[in-house]
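Contents: one structure, followed by commentary.
The values are calculated or read from the model by the stated rules, or taken from the named source; none is laboratory data. As the structure is a prediction and not an experimental result, all values here were calculated from the model. A quick note on method: Cβ atoms are made from the backbone with ideal geometry, for glycine too, and the neighbour counts reach across all protein chains shown.
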Amino acid sequence: MPVHVVGNVCIDTTFRVDRFPVPGETLNASDHSDGVGGKGANQAVAAARTGVDVRFFAPLGSDPAAAFIRERLKGEFDLDGLSEKPLPSDRSTIVVNRDGENLIVSGVACAADFDPLQETGLAALIARGDFLVMQGNLRATVTDACLRAVKTVGATTILNPSPLSGAAPDLTAVDIVIVNQGEAFEITSEPDPERAARDLLRRGAKAAIVTLGAEGCLLLEGGTVDLIPAVKVAVVDTSGAGDVFCGCFAGFLTKGWPLAQSARLAVAAAALVVGRPGTLEACPSRVELSKLMNTMEAESL
Ligand code: ATP
């Protein structure tokens, strides 16, 4: 069974500076680098490293950036689902100061224009029993249409509606919704994660996960609440933890792990990310994820 990840991909250019520039100022960075990012790509890579068959559908531009992205994703999964548009590839400029705070400006022409049902073979490829993972980077109407189309054929839908885009996401075609605590509050106005998760179920989701940073996550399925503590680690850089959680969770579920165990494994995978720098660079390897599954299997015996 494959997992279809549908979303965005971009080039992240990161500049490290001592302090943020003031308006009108030009500042030299102490260091800069290019990498592949975008929530869709991050989650697709994380899912693939659990060992499942990933099909990633995302838009690229027609420029050298598209070739760079293809080159970096080569070997993670099949790249047939990447389509090219007569636009500049999506790109984020990330400025990080010495305190680790960041400013981000993104160009999202490709994601804003992307309609996977019309432009890719997604609709024909999805089959009963498959899994679909989406995020909040595409237009809300497009995301909703994909979720509905995929639900119709009997696939399982997972939505991580981040970044939120104003109106609360439609959850009526969503099996499992994953949000962080801030997003849970923004959607439901409930500061308490359990009450927020209950509200997400009232809005249509069959199960809800609220990630709680260093506290782990809360899973609500039916009437059962499972509070899963985080693995204690020395924090180096938390960026990418949410995407690795979502991508790995989808991968583990697709591999046949039950919901609660998939969430426990995802918590363990996300802890590996916060213990090292970078986003995609910090994503656990196939070997690391396989070790986590072996340990979980041994503990379940
Ligand atoms: P980000 O935006 O930083 O990628 P997020 O805000 O989407 O993440 P979080 O709830 O902060 O989501 O983190 C996702 C998961 O990562 C948590 O459920 C937890 O399992 C793990 N995690 C995050 N921070 C820590 C931490 N300090 N120690 C251990 N695990 C952590």
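Taken together, the residues in the stretch 90-132 that are part of a strand (DSSP E or B) and not β-branched (Val, Ile, Thr) amount to 8. Of the helices (runs of 4 or more DSSP H) entirely within the stretch 236-301, those holding at least 2 residues that are at pLDDT below 90 occupy 286-300. The sole residue among 83, 30 that is among the hydroxyl-bearing types (Ser, Thr, Tyr) and either over 20 Å from residue 146 (Cα atoms) or buried (at least 18 other Cβ atoms within 10 Å of the Cβ) (or both) is 30.
Provide a single number: the residues in the stretch 222-235 that are more than 10 Å from the ligand (Cβ to nearest atom) and either part of a loop (DSSP other than H, G, I, E, B) or in contact (Cβ under 8 Å) with a residue 40 or more places away in the chain (or both). Give the derivation first.
Of the stretch 222-235, the ones more than 10 Å from the ligand (Cβ to nearest atom) are 222-227.
Filter again for either part of a loop (DSSP other than H, G, I, E, B) or in contact (Cβ under 8 Å) with a residue 40 or more places away in the chain (or both), leaving 222-223.
Residues flagged as more than 10 Å from the ligand (Cβ to nearest atom) and either part of a loop (DSSP other than H, G, I, E, B) or in contact (Cβ under 8 Å) with a residue 40 or more places away in the chain (or both) within the stretch 222-235 amount to 2.
Contact map, the stretch 5-23: residues that are more than 16 Å from residue 163 (Cβ to Cβ) paired with residues that are part of a strand (DSSP E or B) and of a type outside the set (A, V, I, L, M), Cβ distance under 6 Å, separation 6+ or inter-chain. Pairs shown: 5/56; 11/34; 11/91; 13/34; 13/93; 14/33; 15/32; 16/31. Against the list (1) among the acidic types (Asp, Glu); (2) surrounded by 15 or more Cβ atoms within 10 Å (Cβ to Cβ); (3) closer than 20 Å to residue 38 by Cα, the condition residue 119 fails is (2). Of the residues making up the stretch 133-162, those that are within 25 Å of residue 182 (Cβ to Cβ), assigned to a loop (DSSP other than H, G, I, E, B) and without any contact (Cβ under 8 Å) to a residue 40 or more places away in the chain number 2.
Tell me yes or no: at least one residue of the stretch 186-206 is within 13 Å of the ligand (Cβ to nearest atom), under 19 Å from the mean Cα position of the chain (by Cα) and either surrounded by fewer than 23 Cβ atoms within 10 Å (Cβ to Cβ) or assigned to a strand (DSSP E or B) (or both). Yes: the stretch 186-206 contains one or more residues that are within 13 Å of the ligand (Cβ to nearest atom), under 19 Å from the mean Cα position of the chain (by Cα) and either surrounded by fewer than 23 Cβ atoms within 10 Å (Cβ to Cβ) or assigned to a strand (DSSP E or B) (or both).
Residues in the stretch 226-252 that are farther than 28 Å from residue 55 by Cα and touching a helix residue (DSSP H, G or I) at 6+ places or on another chain (Cβ under 6 Å): 226, 228, 230, 231, 233, 235.
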